[in-house]
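**Q** Take this structure first; my questions come after.
The values are calculated or read from the model by the stated rules, or taken from the named source; none is laboratory data. The model shown is predicted, which means the values in this text are computed figures rather than measured ones. Cβ: placed from backbone, ideal geometry, glycine included. Neighbour counts: every protein chain shown. The accessibility values were calculated without ligands, DNA or RNA, using every heavy atom of the protein model including side chains. Shrake-Rupley method; radii C 1.70, N 1.55, O 1.52, S 1.80 Å.
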Amino acid sequence: MPGRGALIVLEGCDRVGKTTQASKLLEKLQHRGIPTQLLKFPDRSTSTGQIINSYLTRKMDLPDKTVHLLFSANRWESEPQMKKLLNSGVTLIVDRYSHSGVAFSAAKNEMSIHWCYQPEIGLPKPDLVLFLTLNETAISKRSGFGDERYENSEFLKKVASNFQRLKDDAWKIIDADKDIETLNKELLLHVEKVIESVKDTHLSYF
Ligand code: DGP
Ligand code: NA
Ligand code: NA
């Protein structure tokens, strides 16, 4: 028995390089012969994902709570497949997950962390959250915002402070202000350790 795969999530605010790091991790783990797949939330390709995409690109307006439940439903859409893969020994590298969900939605008025967390209950809980951080100066040196929803510094400050309240033992806070390869090597060390340590354990749930 190969044991189960690890659920590894990359989180952080915009422009910290999550997507680049996730695909480099996938490449290296596969190269080492570790069965690995990459997931990204929101998954804009599914039916809920298409509505979310219209919302994020401002083609459609929806009430805040409706949008949150759609984002959550988008994660739940992948849940059967995630469980199946993890339990069959495949490690998942996930670019954003429930913590982004709660941190972004709760940055809105009249939506508490508690409220936003409820629909996440029962989803597989990450074995490792790699939370990438950048200081203000480093952020300002990266390429500017696009015009998707949420891409403004006032809102993202609230998101960042929400993330601080969601940390638990599974989190590693990583300073992302280094070159891509150096950062990836640092992440890989954490990832390999966790893959090894969860093999004979049961998946846990939010
Ligand atoms: P990207 O990761 O670039 O595809 O952007 C997705 C955007 O959606 C990003 O600004 C984070 C935000 N987001 C992710 N999950 C949720 C959620 O559950 N609720 C809300 N309101 N926003 C989310
Ligand atoms: Na974005
Ligand atoms: Na709020």
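**Q** Scanning for something within 15 Å of ligand 2 (Cβ to nearest atom) and either free of Cβ contacts under 8 Å to residues at least 12 places away in the same chain or among the aliphatic types (A, V, I, L, M) (or both), does the stretch 55-62 turn up at least one residue?
**A** yes
**Q** Give the residues of the stretch 29-51 that are more than 19 Å from the chain's Cα centre (by Cα) and under 19 Å from Pro2 (Cβ atoms), sorted by residue number.
**A** Result: Gln30, His31, Arg32, Gly33, Ile34, Pro35.
**Q** Additional query: Would you check if there is a residue in the stretch 22-31 being surrounded by fewer than 19 Cβ atoms within 10 Å (Cβ to Cβ), more than 30 Å from Ala138 (Cα to Cα) and either within 16 Å of ligand 2 (Cβ to nearest atom) or not hydroxyl-bearing (Ser, Thr, Tyr) (or both)?
**A** Taking every residue of the stretch 22-31 in turn, at least one turns out to be surrounded by fewer than 19 Cβ atoms within 10 Å (Cβ to Cβ), more than 30 Å from Ala138 (Cα to Cα) and either within 16 Å of ligand 2 (Cβ to nearest atom) or not hydroxyl-bearing (Ser, Thr, Tyr) (or both).
The rows are residues; the columns are (1) assigned to a loop (DSSP other than H, G, I, E, B); (2) under 30 Å from Ile34 (Cα atoms).
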position	(1), (2)
Thr137	no, no
Ser143	yes, no
Arg149	yes, no
Glu154	no, no
Val159	no, no
Leu189	no, yes
Ile195	no, yes
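**Q** Just the residues that are on the phi < 0 side of the Ramachandran plot, open to solvent by 40 Å² or more (accessible area, probe 1.4 Å) and assigned to a loop (DSSP other than H, G, I, E, B), please, taken from the stretch 43-71.
**A** Selection gives Asp43, Arg44, Ser45, Thr57, Lys59, Met60, Asp61, Leu62, Pro63.
**Q** Check whether at least one residue in the stretch 92-113 is open to solvent by 30 Å² or more (accessible area, probe 1.4 Å) and part of a helix (DSSP H, G or I), and report yes or no.
**A** yes
**Q** Looking at Leu128, is it closer than 21 Å to Ile34 by Cβ and surrounded by 12 or more Cβ atoms within 10 Å (Cβ to Cβ)?
**A** Answer is yes for this residue.
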